[in-house]
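Asker: Here it is: the structure, laid out below.
The values are calculated or read from the model by the stated rules, or taken from the named source; none is laboratory data. Note that the structure is a prediction, hence the values are computed from the model and not measured. With ideal geometry, Cβ positions are generated from the backbone for all residues, glycine too; neighbour counts draw on all protein chains shown. What goes into the accessible areas is simple: the full protein's heavy atoms, side chains included, and nothing from ligands, DNA or RNA. Shrake-Rupley method; radii C 1.70, N 1.55, O 1.52, S 1.80 Å.
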Amino acid sequence: MEMKKRITLELRNKSPGEVAELVLDSCRSSNGEIEGLTENFKELEFLSMASIELTSLSKLPTLTKLRKLELSDNAISGGLEILVEKCPNLTYLNLSGNKIKDLGTVEVLQNLKSLKSLDLFNCEITNLEDYRESVFDLLPQITYLDGFDQEDNEAPDSEEDEDVDDEEEDEDDDEEEAGPPGDSEEEEDVSDLGEEEEEEDEDEEDDEDYVGEGEEEGEAGAKGEKRKRDAEDEGEEEEDD
C-alpha cells in the first residue's frame, strides 16, 4: 500500500491535528522518500516508519511534539541533521537495520538535547572498534544505546511500564501505611469481646451478691424462728410449774 493511502487509512476519520500516534510500517515510500505526511500532524508524539524502503529524510515535516521515531529496517545512510531541525524534542530514535557506517553520520545528533535512547543495531557502525564507548562519548546526552546503558542495564520496554511501576510502588506504600487488611476489624472484635466478658463477670458478681443476701436473710429468719420457739417452750414450762 502506498504511504499516502496508508496515512488516510490510519486517520480513521480524524483530522491530522487529532492524531498522537501514527504507524506506517511496511507501506511503500515514494522513491525512497516520505510522502503524505505534513505539518498538520502537529500533535504527533509517536511515528513509526519501519520497513518502507526509505533512503532519505529530506521530506520529513516539522513535528515539534514528536518524542519517539521508529525508522528501523530502511536504507538510510545519512542526512540525520534533518531530525535536529524538524524533530528537536526527540527522546527515542530507532535507526537499527539501516546503512549507517561511521561516527560522523551520527555526530549531528549531539544537537538533539532530549535524546535518551538511540538504536543502531544491525548497522555497519556497530562493527567499529570500541563502538559503544565511542558513541556514548560522542553523544553524552543518551542513556541507552541499542537497548542498554553503559553498565549493560537493559532499558525499560516503554515509559508506560515505568509509570505502572511507580503506581505499584505508591500502592505498596499506601498498603504499608494502612497496615495489613483486617487488623482493625480484628482489634474491634477483640475489644467488643472483652467488653462482653466484663459485662458477664459483672452480672455473675451481682447474682452472687443477690444469692448471698438471700442466704443471710434466710439464716436470720431461721434464728428468729428458733428464738420464738424457745420463748414459747419457756412459757409452757412456767405454766406447768
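Asker: Considering only DSSP states other than H, G, I, E and B, which GluC sites (Glu not before Pro) in region 69-166 qualify as loop sites with at most 13 other Cβ atoms within 10 Å?
Answerer: Working: sites: 70, 81, 85, 107, 124, 129, 133, 151, 154, 159, 160, 162; in loops: 129, 151.
Qualifying residues, ordered by number: 129, 151.
Asker: I'd like to check one number: the per residue accessible area of region 25-141, probe 1.4 Å, reported in Å² as a whole number.
Answerer: Values: 5450 Å² over 117 residues.
Accessible surface, normalised per residue, equals 47 Å².
Asker: Another question, if that's okay. Label-point separation (nm) for residue 116 and residue 65, each offset 7 Å from Cα along Cα-to-Cβ?
Answerer: Going from the residue 116 label point to the residue 65 one covers 1.9 nm.
Asker: Would you mind computing, in nm to one decimal, how far apart the modelled labels at residue 132 and residue 84 are, each placed 7 Å from Cα along Cα→Cβ?
Answerer: About 2.7 nm, to one decimal.
Asker: Take the alpha carbon atoms of region 1-74, find their radius of gyration, then divide it by 2.2 N^0.38 Å using N residues; give the quotient.
Answerer: This ratio for region 1-74 stands at 0.99.
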